[in-house]
Amino acid sequence: MHKEISTYERQGFGQTLEAKAPFGLLIVDFVNGFANPDVFGGGNIAPAIARTEKLLAHARSQGWAIAHSRIVFADDASDRNIFGIKVPGMVTLTEDTPNSAIVPELTPAAGELVVRKTVPSAFFGTSLAPWLTQHGVQTLLVAGAVTSGCVRASVVDAMSWGFRPLVVSDCVGDRAIAPHEANLFDMAQKYATVLPLTEALEATARAGHA
């Protein structure tokens, strides 16, 4: 428990956000570059990818709307932006570079949306929000990398668009554990429900039969 949790509770943070069907799944930037500790990976990203295989299989079996995101810059870096200035290596993630490809174990299937982006949030400047709305999604389960960056940015935007974010805590990963844990805590207090995979699936099952 966060040592200052009493402050958050006293100020009214961390209220319950019940899961409501229909459900969707967003997998943020689980690409080869973020799976590789020598590129942009490390920390607990590898086990998060392994857990996400189970989450993705469940989502497909339930017929949920499923979306994936990738960071994809132009080959000539003509769309280089502030994100690309702050983290220059991101500009190397172009359409055909292996590091930008979604990891093989999570390869998108037909009918699943793949969002290409050049900023942290999977929602900013993309078709993700209207696509989820078209599919009637109310609660959006979120997996991906990294917890403190693109996952968090996407969760904040999901909430801002009116979706109920449910961050699956063992299906998100970061290159360092301290920011991973801090951001899970913060998202749970302000923006989302945060549950491990087993409890997340139990919550969706309860809501689906309500």
Hits in region 86-100 - residues which are loosely packed, with under 15 Cβ neighbours inside 10 Å and outside any loop (DSSP other than H, G, I, E, B): Lys86, Pro88, Gly89, Pro98
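Look through Thr52, Thr7 and report the one residue that is polar (S, T, N, Q) and either outside any helix (DSSP H, G or I) or touching an Asp or Glu at 6+ places or on another chain (Cβ under 9 Å) (or both).
Only one candidate passes the filter, namely Thr52.
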Scope region 140-162; condition over 9 Å from the mean Cα position of the chain (by Cα) and surrounded by 24 or more Cβ atoms within 10 Å (Cβ to Cβ); matching residues: Leu140, Ala158
First in region 146-169 and within 18 Å of Met90 (Cα to Cα), second anywhere and open to solvent by 10 Å² or more (accessible area, probe 1.4 Å) and in a helix (DSSP H, G or I), Cβ under 6 Å, 6 or more apart: Thr147/His180; Thr147/Asn183; Ser148/Pro179; Ser148/Asn183; Arg152/Asn183
Condition check for Val87: free of Cβ contacts under 8 Å to residues at least 12 places away in the same chain and of a type in the set (A, V, I, L, M): yes
Among (1) in contact (Cβ under 8 Å) with a residue 40 or more places away in the chain; (2) more than 23 Å from Tyr191 (Cα to Cα); (3) of a type outside the set (Val, Ile, Thr); (4) in contact with a strand residue (DSSP E or B) (Cβ under 6 Å, 6 or more places away or on another chain) - the single one Ala59 does not satisfy: (2)
Matching residues in region 15-46 - criterion: being open to solvent by less than 40 Å² (accessible area, probe 1.4 Å) and part of a loop (DSSP other than H, G, I, E, B): Ala19, Asp29, Phe30, Phe40, Gly41, Gly42, Asn44
Which listed residue is among the aliphatic types (A, V, I, L, M), in contact with a Pro (Cβ under 6 Å, 6 or more places away or on another chain) and open to solvent by less than 40 Å² (accessible area, probe 1.4 Å), from Val103, Val115, Val119, Val137: Val137
Count - residues of region 64-85 that are part of a loop (DSSP other than H, G, I, E, B) and either open to solvent by less than 80 Å² (accessible area, probe 1.4 Å) or modelled with pLDDT under 95 (or both): 6
Pairs with Cβ under 6 Å, 6+ apart, first in region 8-32 and closer than 13 Å to Val167 by Cα and touching a residue at least 60 places away in the same chain (Cβ under 8 Å), second part of a loop (DSSP other than H, G, I, E, B) and of a type in the set (Phe, Trp, Tyr): Phe23/Trp64; Gly24/Trp64; Leu25/Trp64
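The values are calculated or read from the model by the stated rules, or taken from the named source; none is laboratory data. These figures come from a predicted structure and were not determined experimentally. Glycine gets a Cβ as well: all are built from the backbone with ideal geometry, and neighbour counts include every protein chain shown. These area figures cover heavy atoms from the full protein model, side chains too; ligands, DNA and RNA do not enter into them. Shrake-Rupley method; radii C 1.70, N 1.55, O 1.52, S 1.80 Å.
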